[in-house]
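The values are calculated or read from the model by the stated rules, or taken from the named source; none is laboratory data. In this text the structure is predicted, and so the values were computed from the model without any measurement. Here the Cβ positions follow ideal geometry from the backbone for every residue, glycine too, while neighbour counts run over all protein chains shown. The protein model used for the area step is the full one, side chains on, heavy atoms only, and it has no ligands, DNA or RNA in it. Shrake-Rupley method; radii C 1.70, N 1.55, O 1.52, S 1.80 Å.
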Amino acid sequence: MIDTSEFRRVLGHFTTGVSIVTTVRADGRPCGLTVNAFSSVSLQPTLVLVCVEKVSDSHGCIHASGIYAVNVLEEGKGESLSRRFATWAVEDKFEGVAYRDAKTGAPVLEAALAWVDCRVVEGVSVGDHTVFIGEVLDADAREGRPLVYYRGGYGRFEP
Ligand SMILES: Cc1cc2nc3c(=O)[nH]c(=O)nc-3n(C[C@H](O)[C@H](O)[C@H](O)COP(=O)(O)O)c2cc1C
């Protein structure tokens, strides 16, 4: 076993994109959080995964709804969206954020560079997180540059 802060420091060297995972509450209001633990899993069937901390508000929302969308963020305004969806201090994270409902009913953000709309096929409890494996039922992407996350800071992708 290694120390948690050392674990975070070392794993922070793995560069990722940043996404907002969205779903809906039982009363229909949207719910979501910033996630970089997102990965493609399988081509046939088309599966992805997100790792969500069990204590987060969004964990209960995804568990109950059985659906989620992953919204890949763009550089520029993606950074403020990332910060907004990574805090508990905001009463309504979606206030002033444009979105529409995807096929499953999960909110797809207008600001998303790419998105996948998923139905949860399995939730695997692993340590303090749940790995929600989702079957991708719809997806799209547009031109733009991604928001990048490296060693706890935001950056840009320069080809
Ligand atoms: C760049 C970044 C990446 C993050 N990645 C994850 C992640 O993969 N899984 C997770 O559970 N939390 C992740 N978080 C933390 C959550 O966004 C944060 O705990 C959030 O406040 C949870 O919101 P909620 O309780 O309203 O659901 C990340 C935060 C940031 C800033």
- Just give me the residues in the range 56-87 being over 21 Å from Leu147 (Cβ atoms), within 13 Å of the ligand (Cβ to nearest atom) and not small (Gly, Ala, Ser), in sequence order. Asp57, His59, Cys61, Ile62, His63
- Quick one: Leu81 ticks every box in (1) part of a helix (DSSP H, G or I); (2) in contact (Cβ under 8 Å) with a residue 60 or more places away in the chain; (3) open to solvent by 30 Å² or more (accessible area, probe 1.4 Å); (4) under 14 Å from Pro30 (Cβ atoms) bar one, so which box is it? (3)
- Restricting attention to the range 143-158, report how many residues are within 15 Å of the ligand (Cβ to nearest atom) and among the charged types (D, E, K, R). 2
- Among residues of the range 1-55 being more than 20 Å from Trp115 (Cβ to Cβ) and in contact with a strand residue (DSSP E or B) (Cβ under 9 Å, 6 or more places away or on another chain), the residue nearest to the ligand (Cβ to nearest atom) is Glu53
- Message: Quick check on Glu91: is it modelled with pLDDT under 95 and either loosely packed, with under 14 Cβ neighbours inside 10 Å or of a type outside the set (Ser, Thr, Tyr) (or both)?
- Response: yes
- Message: Among the residues of the range 84-105, what is the count of those that are farther than 22 Å from Ala139 by Cα and in a loop (DSSP other than H, G, I, E, B)?
- Response: 10
- Message: Filter the range 103-115 down to the residues that are open to solvent by 10 Å² or more (accessible area, probe 1.4 Å) and away from the ligand (no atom under 16 Å from the Cβ) and list them by number.
- Response: Lys103, Thr104, Gly105, Glu110, Ala114, Trp115
- For the range 1-73, please list each of the strands (runs of 3 or more DSSP E) lying entirely inside it that holds at least 3 residues being open to solvent by less than 20 Å² (accessible area, probe 1.4 Å) and under 22 Å from Arg142 (Cβ atoms). 19-24, 67-72
- Considering the range 122-146 alone, what residues qualify as being over 24 Å from Ile62 (Cα atoms) and either touching a residue at least 60 places away in the same chain (Cβ under 8 Å) or touching a Phe, Trp or Tyr at 6+ places or on another chain (Cβ under 6 Å) (or both)? Gly144, Arg145, Pro146
